[in-house]
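Each remark here refers to the structure printed beneath this line.
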Amino acid sequence: MIDDTTPGGNPAPIPGEAAAAPPPSRYAGPVAGLPPQTGLTTDTAVLTDAYAVIPRSVMRDIVTSYLPGWTGMRMWVLARPLTGFAETFSQYVVELSEGGGCNAPDDDPRVQHALFVTGGEMDVTLAGARHRLTPGGFAYIPPGVPWGVRNATPGNAGFHWFRKLWQPAAGLTPPDPVIANENDIPPSPMPETEGSWATTRFVPLDDLRHDMHITVVTFAPGGSIPFAETHVMEHGLFVLEGKAVYRLNRDWVEVGPGDFMWLRAFCPQACYAGGPGRFRYLLYKDVNRHAPLWFGAGGAGR
């Protein structure tokens, strides 16, 4: 039965039946807490020579980390440089309690940062200017720019934090700061896909000052990457919404909201979006620079 008391025209509840589950979030995050002692240890978490999968179900309280100088903060470290694996970036999921934050999150002037907000509202201060970020909000912070972050709402706030050493190149200076929200940016459809595969970009593709791209990739139900992408870019992929079967090297892995995939360079990848709704993930990749060349047993890169 549908009547004028039913929000959005959804079927009204039937007496005696359980209420419908709330709609899924557009921005999934860690499950936190701890599983019961009766739980099974089998899961889809895996680390291989070519890729890693860290499912949401293993992002628990016991694996959180903390950083000096912060208040009301904990984080899940999803990616960090590992020799022989993925080496260009680190990625954290950060949770801030009410009022939590830091006025000087990183004291290394060579590091650039990107933040993507998944819950609550945050005040990000860049070179003395304050910006309010809501879910879907994005901030790019160039190397050497003073910044800080503070949870601006009651309850918890959450965000992804990417860190990468900016790689100088002849004739280029570091990029300008960027403040944006994915909800204000029309997704760019991939060619000849009729919109079933699209990318939301926070910086222009032709701005070669940027040596990393953080984007939101969206697939309509049934959309796919129809070939095995095999390329030099490293990837971090955090599933924000929906489900898919993702090819990683020779394996097909089912992933859903809050799962993380970490791919080293040249790991083949493809996917099929499973529906019934959209499949979306937050993507990191390194771009626009020469591949470092190494020499000697433990020599320096050039």
Inset, instruction - Hey, could you check region 188-211 for residues that are under 18 Å from the mean Cα position of the chain (by Cα) and of a type in the set (A, V, I, L, M) and say which is nearest to Lys164 (Cα to Cα)? - result: Val203
Legend entry - Test: Pro81 is open to solvent by less than 20 Å² (accessible area, probe 1.4 Å) and at pLDDT 80 or above: no
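So in region 54-73, with the set limited to residues that are out of contact with any Gly (no Cβ under 9 Å at 6 or more places or on another chain) and part of a strand (DSSP E or B), which one is farthest from Val255 (Cα to Cα)? Outline the logic, then answer.
Quick first cut of region 54-73, residues out of contact with any Gly (no Cβ under 9 Å at 6 or more places or on another chain) only: 54, 58, 62-69.
Keeping just the survivors that are part of a strand (DSSP E or B) gives 54, 65.
Values: Ile54: 10, Ser65: 24 Å.
Looking at the filtered set, the residue picked out is Ser65.
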Inset, instruction - Report, by residue number, each residue of region 164-195 that is loosely packed, with under 11 Cβ neighbours inside 10 Å, without any contact (Cβ under 8 Å) to a residue 24 or more places away in the chain and farther than 24 Å from Thr218 by Cα. - result: Ala170, Gly171
Inset, instruction - Select from region 84-120 the residues that are within 21 Å of the chain's Cα centre (by Cα) and open to solvent by 60 Å² or more (accessible area, probe 1.4 Å) and list them in ascending order. - result: Glu87
Inset, instruction - Give me a count of the residues in region 237-265 that are closer than 15 Å to Gly277 by Cβ, aliphatic (A, V, I, L, M) and in contact with an Asp or Glu (Cβ under 8 Å, 6 or more places away or on another chain). - result: 2
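The values are calculated or read from the model by the stated rules, or taken from the named source; none is laboratory data. What you see is a predicted model, and the numbers here were worked out from it, not measured in a lab. Every residue, glycine among them, receives a Cβ derived from its backbone with ideal geometry; neighbour counts consider all protein chains shown. The protein model used for the area step is the full one, side chains on, heavy atoms only, and it has no ligands, DNA or RNA in it. Shrake-Rupley method; radii C 1.70, N 1.55, O 1.52, S 1.80 Å.
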